[in-house]
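Report on the following structure.
Bear in mind these aren't lab numbers, they're just calculated from the coordinates by the rules spelled out. Nothing here was measured: the structure is a model prediction, and the numbers come from that model. Cβ placement follows ideal geometry from the backbone for every residue including glycine, while neighbour counts extend to all protein chains displayed.
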Amino acid sequence: MLRDRGDTVAVVAPPAMADQVASIGHAFLPGGGPPESDLAPLREQLRVLDAADASIVGNRDLFGRLATAAMLEPVREVVETWTPDLIVRDPCEYASAVVALGASMPVVQVAISLAEVEWGSISAASPALEEWCAGLTEAVRSTGYLTRLPESLDPSPFPSTVRFRERSEAAAPLPDWWPGDHRPLVYATFGTVLGHMSTAVESMKVLLDAVGRLDARVLLTTGRAVEPAVLGSVPEHVHVEQWVEQASVLDEASVVVCHGGSGTTFGALAEGLPVVVVPMFADQAVNAGVVARAGAGIVVRPTDRRQLLASDADAIESAVRVLIDDVSRVGAGRRGSGFAGEATRIATEMAAMPVLSQVIADRVVCRSPVSSASTPPRSWSDSPTKA
């Protein structure tokens, strides 16, 4: 969207993301990432700690300290040599916030999760942030905050909140993995992070067991860290891939089953698809609560919050069947139970929000509040920028 108005865009990210950035057509500028020897113990802690302690470990120790340390010098070098006009940052990526504050640069943050989650993440990370730069916590909170989530689901404590929608583009059709089969399509995924955890394969096998009993086509994705073959034999109506372009599958799916990650959960709702949420870690339980309160899906609480057990398969299967039946009734012009209708209402609200290019053109977020005490930030004008 930034490129559409003539801006030059580059992405600074860990080296492992180079191919992913290239696939969306942006220039890649290598950043840094913590070594796996530091990451692995933290991931396992996130799996076993309660929600409050996991938030502290993830936000303070992983994002606030390790990830910031790994990215800080690469980001500084990019700012010095590439001289961007604007920094667009992930709310949990703090190296760019440190650099923007020191250089008095315009910066905005684009939400991944719910605003209450992002705000709480900053609170948890605050001790580490203040170690990098006094006043960084408040600077981050006052930074322009862009979110694709609608106000009905996501009231925001950020003082400079602007809501936008992603531009609709025609998605590439899915391959015909089920020739001649026209039953509803169920998309089942636990995202990419779970695949790096020791419980991933067993949890995915439980998910496979649940969706394997459905009278539907099923696409199950494992994430690039898990080879589909480790799941063993797969029913004929289930197709397993490591990764599929989300827009393509959401364009054809009727129901989504996920663990409540923000990208999948709110991506599905943006398309009017009801969701079965099986939360296990991070912000997933909060996202699940939002879905349940909105009436746009069903939450299945795992027997063990940190992983799926065989006994969870029945509940997941039952929840998916309810949503498939609801969608089919609505599709036939009959009154459904409300899940599909609420998902459609949310999609309509999200579709009414302005596209990001319009937000930029209207200069809704034209100046960053993040600055040093002595130097005002440069303005973000309507002219093309480097971001």
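The table that follows gives values for the structure above.
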quantity: Peptides ranked, highest mean first, by Cβ atoms within 10 Å: ranges 87-97, 133-143; calculated: 87-97, 133-143
quantity: Residue-wise HN-Hα coupling along segment 120-128, computed from phi with Karplus coefficients 6.51, -1.76, 1.60 (Hz; x: Gly, Pro); calculated: x, 4, 5, 4, 5, 7, 3, x, 6
quantity: For ARG89, distant residues with modelled amide H under 5 Å away; calculated: VAL108, GLN109, VAL110
quantity: Extension reserve of the SER123-GLU73 stretch, reckoned as 0.36 nm per residue once the Cα distance is removed; calculated: 15.6 nm
quantity: Integer Hz, Karplus 6.51/-1.76/1.60 couplings in order for segment 100-114, x for Gly and Pro; calculated: 4, 5, x, 9, 6, 9, x, 8, 10, 10, 10, 5, 9, 9, 4
quantity: Selected from PRO74, PRO157, GLY64, residue furthest toward positive end of dipole (the chain; charges at beta carbon); calculated: PRO157
quantity: Distance in nm between pseudo-label sites at ASP251 and GLU80 (7 Å out along the Cβ direction from Cα); calculated: 4.5
quantity: For segment 185-350, convex hull volume per residue from C-alpha positions, Å³; calculated: 99
quantity: Cβ crowding within 10 Å averaged over residues, with 227-234, 185-192, 163-170 ranked highest first; calculated: 185-192, 163-170, 227-234
quantity: Segment 1-122 - convex hull of alpha carbons, volume per residue in Å³; calculated: 119
quantity: Cα-derived Rg over Rh, computed across the chain with Rh taken as Kirkwood radius; calculated: 0.97
quantity: Residue-span extension gain [GLU166 to ALA310] - 0.36 nm each, minus C-alpha spacing; calculated: 48.1 nm
quantity: Amide hydrogen neighbours beyond the local backbone of VAL299, cut-off 5 Å, H modeled; calculated: VAL277
quantity: Between segment 21-99 and segment 185-202, the Cα center-to-center distance that results, in Å; calculated: 22
quantity: Fraction of the pair-distance distribution of segment 155-273 above 26 Å, Cα-Cα pairs, percent; calculated: 23
quantity: Exposure proxy ranking, count of Cβ atoms within 10 Å, fewest first, for TRP132, TRP177; calculated: TRP177, TRP132
quantity: Virtual spin-label span in nm between VAL110 and ASP19, 7 Å along Cα→Cβ; calculated: 2.2
